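Below: the structure, in structure tokens.
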Amino acid sequence: MTADMPHADQVRNHARWRPGWHAGRTSYAWLLPFSDQPGLRTLVNNYQYALRELPGFDLVPLEWMHILVQEVGFTDEIDDAALDSLVAETRSRLAQIAPFTLVFQRALVQPESLSLPAEPQTTVTELRSAVRGGAAAVLGEGGLPPVPEDVDRHVSLAHSTTEGPAIFAVATLSATEVDPATAKVGALSLVELNRDHSCPEWRPVTQVPLGA
């Protein structure tokens, strides 16, 4: 539960190149986009209004709200045949997972972002396990990006642009009165992801339904 998750004491700059990334390079990734979820948009708007004058953070545009489920690999390293096999394998596995609803409420300071954890966290973890298993079956476990230390189970409100104590961010989030929001998840999106700007952006490739 969100109440059990502690705020980070310090934040660090989110804007840095990860291994293998450079300007203009893109990666295939599975994610859950949330720009079409009205309740979540309202919740994010309320928090972002409170954060508008807090220095050291870039607000994430509503159109790029998402949970990154699994990066697959760079687009210049995966050919069309492998991509087709990946989609087919993922479709087979997601047919066994029913659509679900996530709940978002209290925002949290994380080391590189201010974010809304998704509840239940186990639902996102189980989805990621199925998707990563499908990708590994096609590309091999060694062909996938390593599992990050901080697995993405949240929607980011803002990304940190500096390093320092998180006390003012914690105070701002704690003082903001909000109502919880729900988001219905019925499909997973495969996208072509780029990291050229302060928050990830993408081009849709295809969508795979859950439980179908």
Next item on the list: Tally the residues that are open to solvent by less than 30 Å² (accessible area, probe 1.4 Å) and either part of a strand (DSSP E or B) or of a type in the set (A, V, I, L, M, F, W, C) (or both), restricting the search to the stretch 101-118.
Entry: 11
Next item on the list: Scan the stretch 179-212 residue by residue and report those that are open to solvent by less than 40 Å² (accessible area, probe 1.4 Å), closer than 27 Å to Ala15 by Cβ and part of a loop (DSSP other than H, G, I, E, B).
Entry: Cys199, Pro200
Notebook entry, point to check: Limited to the stretch 2-49, what total is found for residues that are open to solvent by 40 Å² or more (accessible area, probe 1.4 Å), part of a helix (DSSP H, G or I) and in contact (Cβ under 8 Å) with a residue 60 or more places away in the chain?
Noted result: 3
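Would you confirm whether any residue within the stretch 136-145 is in a strand (DSSP E or B), over 19 Å from Pro99 (Cα atoms) and in contact with a helix residue (DSSP H, G or I) (Cβ under 6 Å, 6 or more places away or on another chain)?
The answer is no; no qualifying residue exists.
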Notebook entry, point to check: Taking the stated definitions as given, is Gln96 over 18 Å from Ala187 (Cβ atoms) and either surrounded by fewer than 18 Cβ atoms within 10 Å (Cβ to Cβ) or at pLDDT below 95 (or both)?
Noted result: no
Notebook entry, point to check: Which members of the stretch 50-77 meet the condition of being surrounded by 19 or more Cβ atoms within 10 Å (Cβ to Cβ) and in a loop (DSSP other than H, G, I, E, B)?
Noted result: Val60, Met65
Item checked: Condition check for Asp84: outside any loop (DSSP other than H, G, I, E, B), among the acidic types (Asp, Glu) and at pLDDT 95 or above -> yes
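Of the residues Thr172, Thr176, which is part of a loop (DSSP other than H, G, I, E, B), of a type outside the set (A, V, I, L, M) and open to solvent by less than 70 Å² (accessible area, probe 1.4 Å)?
Thr176
The values are calculated or read from the model by the stated rules, or taken from the named source; none is laboratory data. Computed from a predicted structure; not experimentally measured. All Cβ positions, even for glycine, are placed from backbone atoms using ideal geometry, and neighbour counts span all protein chains on display. Keep in mind that these areas ignore ligands, DNA and RNA; they rest on the heavy atoms of the full protein, side chains included. Shrake-Rupley method; radii C 1.70, N 1.55, O 1.52, S 1.80 Å.
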